[in-house]
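First comes the structure, then the notes that go with it.
The values are calculated or read from the model by the stated rules, or taken from the named source; none is laboratory data. What you are looking at is a predicted structure, and each value in this text was computed from that prediction instead of being measured. Glycine also receives a Cβ, built like all others from the backbone with ideal geometry; neighbour counts cover every protein chain displayed. Only protein heavy atoms, including side chains, enter the accessible area calculation; ligands, DNA and RNA are left aside. Shrake-Rupley method; radii C 1.70, N 1.55, O 1.52, S 1.80 Å.
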Amino acid sequence: MVSELPAELWILVFHFAFDDDAVLGTTLPSSWHASSWAKSLEGKWILRSAQDNVGASIRRRTASLKAIVSTCRYLRQIGTEFLYESILIEVPSRILRLCAALDADRHLSLQTKRMHVSRYFQPTGVSADEMDLAMISIIQHCRYLQTFIFEWPLQRSFTPIADALCHYCRRTLHTLHISIPSAELAKLIWTLDSLQKLVSLHVEIGERHTEENHLGSASDINLKLPKLQQLSLRGFFTDFIEEATEWEFPRLNSLTLDFINYRDELPDIEAFFNNHGSQLIYLDINCIPPLNLPPVLDLCPSLSSFSFNPDWHLPRDETIPYEASQLVRVPHHGIVTIGLHQLLYAFGVGYAAQYSKVDAISTRYIRSSNDTNFAALTKRNFPNLKTIRLLSRTLLRDLEMANGPDEVCYERWERWWSQCAGQGIRLEDCTGAELGYLPPQEASTEAGSELDDEGEEEEDSVLDALQYDPIAQVRALRMRCQQVSAALS
């Protein structure tokens, strides 16, 4: 069967079987991408972020491909290049081995579309220059690279890696995720000016250690990214936003601003929204100091998804008889989904529950803000609102460990549920499930074995029915390899 099909058809079969938008697509995970429950090695439930899920998909994909190409020499010749289509580097020493493999066979990198480096430091006996040269050599081989994700904060290595991306991948690179020190902002601007094909960009910027960043001639660049649709900023990005206010993003429709714990020197985001807010569809703002939301939402009339921090103490809405914050001046008809960050004090679980015993006044103050902000999430303010999602994984983990909210906060839980149910609004946790549905208990062994038997019978019937369909066979083989890998892990 294997040798009967020409190599060109087998290449198409591999493309169809291993095509995964989550791995090879242009969109970077955001806080609205659902997290998922998984079991740890100790048998405890853990929450995996959307980024973790993508990494798990890459590992499963690689394990399946290795299993398939190990079946015979013919499939090894065809499928080996697909092993390098998506590269995940979690151990820095593998960078040197990967560099050696690509140096030995340059054809392996022809299929490379995605490179994800989660850790980057010098192993014992290896200098920083050797690591940088190996990384630059890998980028040089991957001329068709589309996605480059570098989670580890880059210090002195940013300049050579950025130069390599601009020189070798500027025509193909559409997704960039990078973390840099604040002093490298000028170099970042020059890099973005060269990467005109970018569709998605995530930048994490470290804290500024001087009073002012000297951008030099980079401050005079009128940057235009004609294809950029998704922009995500994290950390101390005040200087970046102030420069980006005058830049051109004709297709920008998704913006994420995560200030982490920074409270001082916030940028003038209203000026940014004044120039770029009218085209935004997705807006996610996570910061500790409160923002003046009504003018922000006025400047973003096309929004369909909006996320903010309900711990903010916002002005009251004086036009209604009950206590609620003023989120809008006039009803916003476009917003369909609203995401809520933080809320760690709302249900009396986790670390916040212990802190409330130390500082009860601050806890009551934050919970009062939670109540008034949630009370404003109504059809009156957002006529087309369908979903409210609590985005904090920490909150959901604490609820799971405590098996639900504390008795003192249970009234708040029921009140929020009733408010949403009465308006036909779905209240979700960060996994996309309805709030309150925690991970299922372990099923009995007998029930589990029955389900396994049913699954095997169903899979065998599919194989019998599609025995002459090579794509279905590779997909079934991939599924079986994933089951074996999961059982062995």
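Remark on the stretch 58-101: hydrodynamic radius 11.2 angstrom, per the Kirkwood mean of 1/r across alpha carbon pairs.
Taking amide hydrogens as placed 1.01 Å from N in the peptide plane, the amide H of Arg426 sits under 5 Å from those of Thr387, Ile388, each at least 5 positions away in sequence or on another chain. Dividing the radius of gyration of the alpha carbons in the stretch 288-377 by their Kirkwood radius gives 1.01 for Rg/Rh.
Legend: residues His174, His214, sorted from most to least accessible area (1.4 Å probe; ligands, DNA and RNA excluded), read His214, His174. Sum up the charges of everything whose Cβ sits under 12 Å from the Cβ of Thr363, counting Lys and Arg as +1 and Asp and Glu as -1, but leave Thr363 out. Charge balance in the 12 Å sphere: 0.
In the stretch 165-249, Rg over Rh equals 0.93, where Rg is the alpha-carbon radius of gyration and Rh the Kirkwood radius from pairwise Cα distances. The orientation-averaged shadow of the Cα convex hull for the stretch 292-345, equal to a quarter of the hull surface, comes to 4.2 nm². Quick check on the stretch 372-424: what does the Kirkwood estimate of hydrodynamic radius come out to from the alpha carbon pairs, in Å? Hydrodynamic radius (Kirkwood, Cα pairs) of the stretch 372-424 is 12.5 Å. One Cα centroid belongs to the stretch 326-402, the other to the stretch 131-165; the line between them spans 40 Å. Against the chain, whose longest principal axis comes from its Cα atoms, helix 93-104 is set at around 40 degrees.
In the stretch 35-84, the convex hull through the Cα atoms has an average projected area of 4.2 nm², a quarter of its surface area. Ranked from largest, the principal axis spans of the Cα set of the stretch 13-60 equal 38, 24, 11 Å.
Computed over protein heavy atoms with a 1.4 Å probe, the accessible surface of the stretch 38-184 works out to 46 Å² per residue. Taking the dipole about the Cα centre of the stretch 230-358, with the C-beta of Lys and Arg at +1 and of Asp and Glu at -1, give me whichever of Leu255, Pro267, Val336 is farthest to the positive side. Of Leu255, Pro267, Val336, it is Val336. Pairs of lysines in the chain whose Cα atoms sit within less than 17 Å of one another amount to 4, provided the residues are eight or more positions apart or on different chains. Peptide packing: for 87-95, 334-342, the average count of neighbouring Cβ atoms within 10 Å per residue gives the ranking 334-342, 87-95, highest mean first.
When the alpha carbon gyration tensor of the stretch 53-208 is reduced to an equivalent ellipsoid, the three semi-axes, largest first, read 27, 17, 15 Å. Rounded to the nearest 10 degrees, the angle from helix 410-423 to the longest Cα principal axis of the chain is 80 degrees. With every protein chain in place and a 1.4 angstrom probe, the accessible-area ranking of Asp132, Asp21, Asp371, largest first, reads Asp21, Asp371, Asp132. In a simple Cβ point-charge model (Lys, Arg +1; Asp, Glu -1; nothing else charged), the chain has a dipole of about 700 debye relative to its Cα centre. A viscosity of 0.890 mPa s and a temperature of 25 °C, combined with the Kirkwood radius over C-alpha pairs in the Stokes-Einstein formula, give the stretch 326-429 a diffusion coefficient of 170 µm²/s.
Compactness of the stretch 127-195 is given as radius of gyration and Dmax, 11.3, 31 Å, from Cα positions. Quick one: grab the alpha carbon gyration tensor of the stretch 255-410, order the square roots of its eigenvalues as a ≥ b ≥ c, and give me rounded if a/c is under 1.5, else prolate or oblate depending on whether a/b is larger than b/c. It comes out prolate by the Cα gyration axes. Legend: translational diffusion of the chain by Stokes-Einstein, Rh = Kirkwood radius over C-alpha pairs, 25 °C, 0.890 mPa s; D = 97 µm²/s. Between helix 73-83 and the chain there is an angle of about 30 degrees, using the helix long axis and the longest principal axis of the Cα atoms. The share of alpha-carbon pairs in the stretch 189-296 lying farther apart than 20 Å comes to 38%.
Computed over the alpha-carbon atoms, the stretch 116-269 gives an Rg to Rh ratio of 0.95, Rh here being the Kirkwood radius from the mean inverse distance.
Computed over protein heavy atoms with a 1.4 angstrom probe, the accessible surface ordering of Tyr345, Tyr322, Tyr74, largest first, is Tyr322, Tyr74, Tyr345.
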